[in-house]
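K.L.:
There's a structure below that I have some questions on.
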Amino acid sequence: MESDSIYQSSEDEWRRDVLLAKSAVEDTISKMPTPLRVEACCVGYQFWKIRDDPRGSDCLGDYCRSVPQIRLFLSTIREQCSQNGDEFSKLVVTTYLHELGHHLGMEESHLENWGL
């Protein structure tokens with residue numbers, strides 16, 4: 001997990017968000033059909049507080065093909081939830097599935113059509 005001094009929440013809030021996010025992602029993976037679950041387990045994921053590239057500071061997550069790994073930016077997800085009234089765990093799962101879709105080769109337009 002990546003730590004960043006720019007994160008606005010306390011360390012207790014960060015730990016809470018990590019635990020909630022991990023539980024949400026693991027629960028989602030456990031409910032996937034076997035072939036998709038196996039692929040999801042091979043990809044891996046990390047929780048970062050924020051994206052390290054200021055040009056994408058509002059980005060909720062990304063997929064790194066070279067590693068391959070999904071990164072979820074929990075501070076940004078938490079902030080969007082505060083602004084829009086979204087549920088944190090639900091937005092974590094939506095973002096995770098969106099990035100997993102990229103891993104599987106899906107284009108942005110397809111993911112958006114599916115609500116991801």
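The values are calculated or read from the model by the stated rules, or taken from the named source; none is laboratory data. Since the structure is predicted, the reported quantities are computational estimates derived from the model, not experimental observations. Neighbour counts run over all protein chains shown; Cβ positions are idealised from the backbone, glycine included.
K.L.:
Which of the residues that make up the range 45-55 are farther than 14 Å from Ala24 by Cα and either of a type outside the set (Phe, Trp, Tyr) or assigned to a helix (DSSP H, G or I) (or both)? Spell out how you get there, then give the answer.
P.N.:
Here is the first cut: in the range 45-55, the residues farther than 14 Å from Ala24 by Cα are 48-55.
Scanning the range 45-55 gives Lys49, Ile50, Arg51, Asp52, Asp53, Pro54, Arg55.
K.L.:
Would you confirm, using the coordinates I've provided, whether Val93 is closer than 16 Å to Gly44 by Cα, within 11 Å of the chain's Cα centre (by Cα) and not in a strand (DSSP E or B)?
P.N.:
Details: closer than 16 Å to Gly44 by Cα: yes; within 11 Å of the chain's Cα centre (by Cα): yes; not in a strand (DSSP E or B): yes.
The answer is yes for Val93.
K.L.:
While we're on this one: Does at least one position in the range 103-116 carry a residue that is crowded, with 21+ Cβ neighbours inside 10 Å and in a helix (DSSP H, G or I)? First the steps, then the outcome.
P.N.:
Looking only at the range 103-116, we keep the residues that are crowded, with 21+ Cβ neighbours inside 10 Å, and these are none.
Checked against the condition, which is being crowded, with 21+ Cβ neighbours inside 10 Å and in a helix (DSSP H, G or I), the range 103-116 yields no hits at all.
K.L.:
A further question on this structure: Given the structure, is Arg78 over 14 Å from the mean Cα position of the chain (by Cα), of a type in the set (Lys, Arg) and modelled with pLDDT under 95? Outline the logic, then answer.
P.N.:
Numbers: over 14 Å from the mean Cα position of the chain (by Cα): no; of a type in the set (Lys, Arg): yes; modelled with pLDDT under 95: yes.
Criteria not met by Arg78.
K.L.:
Filter the range 56-82 down to residues that are assigned to a strand (DSSP E or B) and not hydrophobic (A, V, I, L, M, F, W, C) and give me whichever is surrounded by the most Cβ atoms within 10 Å (Cβ to Cβ).
P.N.:
Only one residue tops the list, namely Gly61.
K.L.:
Go through (1) modelled with pLDDT of 90 or more; (2) of a type in the set (A, V, I, L, M, F, W, C); (3) in contact with a Gly (Cβ under 6 Å, 6 or more places away or on another chain) one by one and return the number of the condition Leu111 breaks.
P.N.:
(1)
K.L.:
If you check Ser89 against the conditions, is it at pLDDT 95 or above and at negative phi?
P.N.:
Judged against the criteria, Ser89 is a match.
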